[in-house]
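The values are calculated or read from the model by the stated rules, or taken from the named source; none is laboratory data. Remember, predicted model here, so these are calculated numbers, not experimental data. In this analysis, Cβ positions are derived from the backbone assuming ideal geometry, glycine residues included, and neighbour counts consider all displayed protein chains.
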Amino acid sequence: MSITATLLALVAAALAPSSQRYQDCISLVEADIDRGRASAQQWTDEGGGANAQHCLALADIAAGFAKLGAARLEQIAQRKDAGDDFIRARLLSQAASAWIEAGETDLAEAAINAAFELAPGAGELYLTAAKVYSAKNEWLQVVAAVRTATQSGFVSAETYVLSGRAHIALGDYVAAAEDVVDALSLEPTNIDALVLRGEIQQTGVAIDVYYDDPPEKDGPKK
């Protein structure tokens with residue numbers, strides 16, 4: 001994932017309400033990682049609170065220090081000024097994603113489990129859970145997590161691709177093809193979905209992709 005994509009994904013679940021200084025901090029990190037990280041550190045040292053530390057954590061991750069960013073996110077989740085249980089669960093979900101990026105799958109699993117304890121009804125957490133299970137090659141759990149997220153109204157091309165990979169590992173190429181359709185319906189140029197589409201088509205399963213509203217699922221054609 002690119003630096004900008006990483007930031008946008010994490011800022012999408014930022015602390016609320018975020019200040020103008022927080023937005024400026026994120027913008028600076030996007031424009032110049034080193035300067036942005038230094039600015040976030042200065043803001044943190046000045047007592048900027050949870051928002052300052054969150055910007056610094058994202059800067060750490062963008063700069064390639066995923067472990068440091070993950071640990072910082074978990075620390076923020078313990079702060080009283082971080083927000084309610086739902087916001088804290090989001091922070092732990094972000095930490096789980098950072099732990100995955102750092103290759104620490106056990107720590108990622110611990111973080112997402114802690115997030116579920118805080119907000120068991122938060123469907124969006126299953127998107128991160130799917131990533132954790134995929135990193136651990138727990139294919140049935142990947143499929144279940146993506147299904148639960150979708151049923152809760154949360155979808156992403158990335159996790160549909162993970163579900164497709166899981167279905168292939170489980171030997172179900174037809175279900176994998178359906179995941180590819182869902183992924184490309186959301187992001188027609190998603191590289192991972194296009195690669196997966198090619199792999200599945202080589203097995204003889206044809207995939208019709210619709211780029212507007214996804215069609216009713218009649219299943220892929222053989």
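Among residues that are free of Cβ contacts under 8 Å to residues at least 40 places away in the same chain, of a type in the set (G, A, S), in a loop (DSSP other than H, G, I, E, B) and under 28 Å from A149 (Cα atoms), G123 is included. The set of residues in the stretch 131-149 that are in a helix (DSSP H, G or I), surrounded by fewer than 18 Cβ atoms within 10 Å (Cβ to Cβ) and either among the basic types (K, R) or under 12 Å from the mean Cα position of the chain (by Cα) (or both) contains only R147.
Restricting the stretch 99-113 to residues that are touching a Lys or Arg at 6+ places or on another chain (Cβ under 8 Å) and assigned to a loop (DSSP other than H, G, I, E, B), the residue that is nearest to A62 (Cα to Cα) is A102.
Flag set for D60, criterion: closer than 24 Å to A129 by Cβ, modelled with pLDDT of 90 or more and over 16 Å from the mean Cα position of the chain (by Cα). Annotation note: Cβ proximity below 7 Å between a residue of the stretch 31-48 that is under 18 Å from L68 (Cβ atoms) and touching a residue at least 12 places away in the same chain (Cβ under 8 Å) and a residue that is of a type in the set (A, V, I, L, M) and not in a helix (DSSP H, G or I) (sequence gap 6+ or interchain) occurs for I33/A63; R37/A63. Considering only the stretch 2-18, I want to know if a residue exists there that is under 18 Å from the mean Cα position of the chain (by Cα), modelled with pLDDT of 90 or more and not in a helix (DSSP H, G or I). Looking for residues that are under 18 Å from the mean Cα position of the chain (by Cα), modelled with pLDDT of 90 or more and not in a helix (DSSP H, G or I), one finds none in the stretch 2-18, hence no. Here the condition is being at pLDDT 90 or above and closer than 26 Å to R35 by Cα; of L127, L107, L91, it holds for L91 alone. Residue count for the stretch 171-211 satisfying the condition of being within 20 Å of Y126 (Cβ to Cβ), in contact with a Leu (Cβ under 7 Å, 6 or more places away or on another chain) and assigned to a loop (DSSP other than H, G, I, E, B): 1. If you filter the stretch 150-166 down to residues that are surrounded by fewer than 24 Cβ atoms within 10 Å (Cβ to Cβ) and part of a helix (DSSP H, G or I), you find that the one that is nearest to the chain's Cα centre (by Cα) is E158.
Looking at E46, E74, which is the one that is at pLDDT 90 or above, over 30 Å from D192 (Cα atoms) and of a type outside the set (A, V, I, L, M, F, W, C)?
E46
Does E101 satisfy being under 14 Å from the mean Cα position of the chain (by Cα) and touching a residue at least 40 places away in the same chain (Cβ under 8 Å)? Spelling it out, E101 is indeed under 14 Å from the mean Cα position of the chain (by Cα) and touching a residue at least 40 places away in the same chain (Cβ under 8 Å). Can you spot a residue in the stretch 93-101 that is within 19 Å of V155 (Cα to Cα) and of a type in the set (F, W, Y)? Within the stretch 93-101, not a single residue is within 19 Å of V155 (Cα to Cα) and of a type in the set (F, W, Y).
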